[in-house]
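First the structure, in the form of structure tokens, and then the observations on it.
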Amino acid sequence: MAAAAAAPAGDNPYGLMQALNEGGLISWATFVILVAMSIGTFYILFTKFFEQQKIISQGNKVRSSFWNSPNLREASSKLDAKSAYRAIVDDTLVAQEQHGKLTNPVDQHDWMANSLARSQGGIGARLGEGLAFLATVGSTAPFIGLFGTVVGIYRALIKIGASGQASISTVAGPVGEALIMTALGLVVAVPAVLAYNWLIRRNKSIMEDLAAFTNDLHGYVMSEGKVKPAIVAAGTTAPVAKGAQTRSAAAPTPAGTQPLTTGQTSTGQQAGGTGTTTVDRR
């Protein structure tokens, strides 16, 4: 009541500053922690968003021009130096060179698969950096705000008890001020939870695209450039015949569909007798 009477006309005697002063050092410390959490949340949100957007843009460039190059080294030069796709291609080239230097022979297929998986996993780890902070803020900020509220109410009740006045007008102001800390905790936690879920979903989509690119790159290397995705112009899609089943462009041609060669039947088996091609002309 005394604070309300002493306040200048037009000023609110109950507010954030009054709540912090009422709670003392603990309320100020709680407020500073919540502000730091909020700043960290929005910093991570915007930095991770731009990082993800860069990878998505690089993926569009890969689909439109990467596979037009005659070899991997020239294709790699078309990508940004610090992009995720460039890192995977560079690791592939390094793995090719290292395989030839092994003294104990290891199957090239397994060696390349492990190298690509390790490269892809490193990119996934970098994309996930900072997300643990968002999860921590989303789960702890409400409780930190509640702690400030408890301390504020405790101090307010101590002062009310010392003054000997327990009317509703005396209790409502200090207790209401203390509840501001709980509201601040929720204001900090909700954006952190939303940002965490949104960034996780975008990371999942990016990793799916990287996995598809890694699979195509693996097939390209193992086939010495003979197997690669169909090159489609940007903004268009490859035509699909009516009733035809779609399959990965990087998949090898199924048995029985290759052109017939001397010494083979139409089913791919060795012909007997004259060694000429046997074809059913019915």
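A simple rule links phi to the HN-Hα coupling: the Karplus curve 6.51 cos²θ - 1.76 cosθ + 1.60 with θ = phi - 60°, which for the range 213-218 gives 5, 4, 5, 5, 5, 4 Hz, with x for Gly and Pro. Residue-wise HN-Hα couplings along the range 81-92, as the Karplus relation 6.51 cos²θ - 1.76 cosθ + 1.60 with θ = phi - 60° gives them from phi, are 4, 10, 7, 5, 5, 5, 5, 5, 5, 5, 5, 5 Hz; Gly and Pro carry x. For the pair LYS61 and MET17, label points projected 7 Å from Cα toward Cβ lie 5.1 nm apart. Each peptide in 74-86, 141-153 gets a packing score, the mean of other Cβ atoms within 10 Å over its residues, and the list from highest to lowest is 141-153, 74-86. What is the calculated FRET efficiency for ILE158 to PHE133, with r their C-beta to C-beta distance and R₀ = 35 Å, to the nearest 0.05? After rounding to 0.05, the efficiency reads 0.45. Solvent-accessible area of LYS54, all protein chains in place: 100 Å² (probe radius 1.4 Å, heavy atoms, ligands and nucleic acids excluded).
Applying 0.36 nm per residue to the separation of GLN52 and VAL193 and subtracting their alpha-carbon distance, the gain on full extension is 48.9 nm.
Enter the accessible area per residue of the range 42-160 (Å², integer; probe 1.4 Å; all protein chains in place). Mind dumping the intermediate values first?
On the way: 6590 Å² over 119 residues.
Heavy-atom SASA per residue in the range 42-160 reads 55 Å².
The values are calculated or read from the model by the stated rules, or taken from the named source; none is laboratory data. Just so it is clear, the model here is predicted, and its values are computed rather than measured. Counting neighbours? That spans all protein chains shown, and the Cβs are built from the backbone with ideal geometry, glycine included. Note: accessible area is taken over every heavy atom of the protein model, side chains too, but ligands, DNA and RNA are not part of it. Shrake-Rupley method; radii C 1.70, N 1.55, O 1.52, S 1.80 Å.
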